[in-house]
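These notes are about the structure you will find just below.
The values are calculated or read from the model by the stated rules, or taken from the named source; none is laboratory data. As the structure is a computational prediction, the values presented were derived from the model and not from experiment. Counting neighbours? That spans all protein chains shown, and the Cβs are built from the backbone with ideal geometry, glycine included. Just so you know, the surface numbers come from the protein's heavy atoms only, side chains and all, with ligands and any DNA or RNA stripped out. Shrake-Rupley method; radii C 1.70, N 1.55, O 1.52, S 1.80 Å.
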Amino acid sequence: MSKKRLFTGLQPSGALHIGNYFGALKPFMEQCEEYDSFLMVADYHALTTVRSPEELRENTHSVVLDYLAVGVDPEEVVLFRQSEMAWIFECLVTVPFLQQAHSYKDKVARGMEATAGLFNYPMFMAADILLYDTAVVPVGKDQKQHIEYAREAGTKFNNAYGDTFKMPEALILDSVEMVLGTDGQKMSKSYKNTIPLFGTKDEVSHAIMSIVTDSEGKRPENVFAIHKLFRAESELDVLYEKNEGNYKALKEALIEDIEKLFSPMRDRREKFAKDAGAVSDILEKGAERARAIAGEKMRDVRKKIGIR
Ligand code: AMP
Ligand code: TRP
């Protein structure tokens, strides 16, 4: 029996942070051997926030290095986009339905321009997922609704034109759910509250030291919430009790735990970064494989909708 497909993507809209790691990359890495796995750089999605071509190119390169650093096998990395399918879905779902998207509403509420791209984003993401007959999508909790949107778009198409798309399931780790940033809000590239995944030790230390600790209870909850991603809660209970009130010592312990997990990956990243052609070779090979699958699906879709 052929393997089911695992598929996820991250936007190259800035340096990846530990929320991206624990929300998406870690579950992807834990599952990828069991599936036929695709990991995408969602570069077109990043156009909703990035306007500088140099920045987009640099970020894309950098995200691929991040993937390699966490241990992704380059045979699986895919860069491919299919906007035609997004358009077809957009013709099937309604404006009020898209207006309910939390991600869209949050971004506009925070002052982001309400472009048509930002509004239609969920259908673009649905196209990514559905074109590859994806079974499982490891993502952070903030993307849960987007997976439901993809299922809805696929269902609408299947009802209108016959069974074509498989229904994907989100894979969201209970132990992670939403990683909080240094200000206690959701960690996000656009909120300037991130702990960088592959920053220098200084950058990581600086971010940890800036965690807001106005805790009313016995322990600094914002520090603890991040720390529990790295160490068992039972061990942390002891450590936090022993250092009650000493926020500096607790933050230092957290920095050490972060270093322990990520510094071997950082070393690997540096090795790949020195190999100038590696990233573009990997992306080219990935695109070829992805195009073969998506191309076949699009031929089926076009025939069913009456185009060609
Ligand atoms: P993005 O940076 O929006 O492209 O997100 C890439 C992946 O990381 C998605 O699966 C997100 O759900 C996940 N992610 C982003 N921020 C967080 C967070 N604070 N906690 C958990 N997962 C996150
Ligand atoms: N919307 C996702 C995010 O912002 C990125 C993304 C684009 C994605 N296409 C995808 C994630 C397909 C999973 C599957 O995080």
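Tally up the residues in the range 209-234 that are of a type outside the set (Gly, Ala, Ser), part of a helix (DSSP H, G or I) and either open to solvent by 50 Å² or more (accessible area, probe 1.4 Å) or in contact with a Gly (Cβ under 6 Å, 6 or more places away or on another chain) (or both), please.
The initial filter retains those residues of the range 209-234 that are of a type outside the set (Gly, Ala, Ser), namely 209, 211-214, 216, 218-224, 226-231, 233.
Still in the running and part of a helix (DSSP H, G or I): 209, 221-224, 226-227, 233.
Okay, now just the ones that are also either open to solvent by 50 Å² or more (accessible area, probe 1.4 Å) or in contact with a Gly (Cβ under 6 Å, 6 or more places away or on another chain) (or both), so 209, 221-222, 233.
Residues meeting the conditions: 4.
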* To do: Considering only residues that are of a type outside the set (A, V, I, L, M, F, W, C) and within 16 Å of PRO196 (Cβ to Cβ), look in the range 269-290 and name the one that is least open to solvent (accessible area, probe 1.4 Å).
  => ARG269
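Select from the range 161-177 the residues that are open to solvent by 80 Å² or more (accessible area, probe 1.4 Å) and either touching a helix residue (DSSP H, G or I) at 6+ places or on another chain (Cβ under 6 Å) or part of a loop (DSSP other than H, G, I, E, B) (or both) and write down the one among them that is farthest from GLY295 (Cα to Cα).
Step one: of the range 161-177, the residues open to solvent by 80 Å² or more (accessible area, probe 1.4 Å) are 161, 163, 166, 169, 174-175.
Applying the additional criterion that residues be either touching a helix residue (DSSP H, G or I) at 6+ places or on another chain (Cβ under 6 Å) or part of a loop (DSSP other than H, G, I, E, B) (or both) yields 161, 163, 166, 174-175.
Details: TYR161: 18, ASP163: 17, LYS166: 16, ASP174: 35, SER175: 37 Å.
Per the stated criteria, the residue is SER175.
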* To do: Check off (1) touching a strand residue (DSSP E or B) at 6+ places or on another chain (Cβ under 9 Å); (2) open to solvent by 40 Å² or more (accessible area, probe 1.4 Å) for HIS206 and give me the number that stays unchecked.
  => (1)
* What single numbered condition from (1) in contact (Cβ under 8 Å) with a residue 60 or more places away in the chain; (2) more than 10 Å from ligand 2 (Cβ to nearest atom); (3) more than 12 Å from the chain's Cα centre (by Cα); (4) closer than 27 Å to PHE119 by Cα fails to hold for LEU56? -> (1)
* To do: Identify the single condition in (1) of a type in the set (S, T, N, Q); (2) within 20 Å of LEU16 (Cα to Cα); (3) open to solvent by 60 Å² or more (accessible area, probe 1.4 Å) that SER263 does not satisfy, given that it satisfies every other one.
  => (3)
* Can you give me the ranges of the helices (runs of 4 or more DSSP H) entirely in the range 71-145 with at least 1 residues that are open to solvent by 70 Å² or more (accessible area, probe 1.4 Å) and within 14 Å of ligand 1 (Cβ to nearest atom)? => 102-109
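Would you confirm, using the coordinates I've provided, whether GLY14 is outside any loop (DSSP other than H, G, I, E, B) and within 12 Å of ligand 2 (Cβ to nearest atom)?
Details: outside any loop (DSSP other than H, G, I, E, B): no; within 12 Å of ligand 2 (Cβ to nearest atom): yes.
In short, no.
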* **Filter result for MET29 (modelled with pLDDT of 95 or more, open to solvent by 20 Å² or more (accessible area, probe 1.4 Å), more than 14 Å from ligand 2 (Cβ to nearest atom) and of a type outside the set (D, E, K, R))** => yes
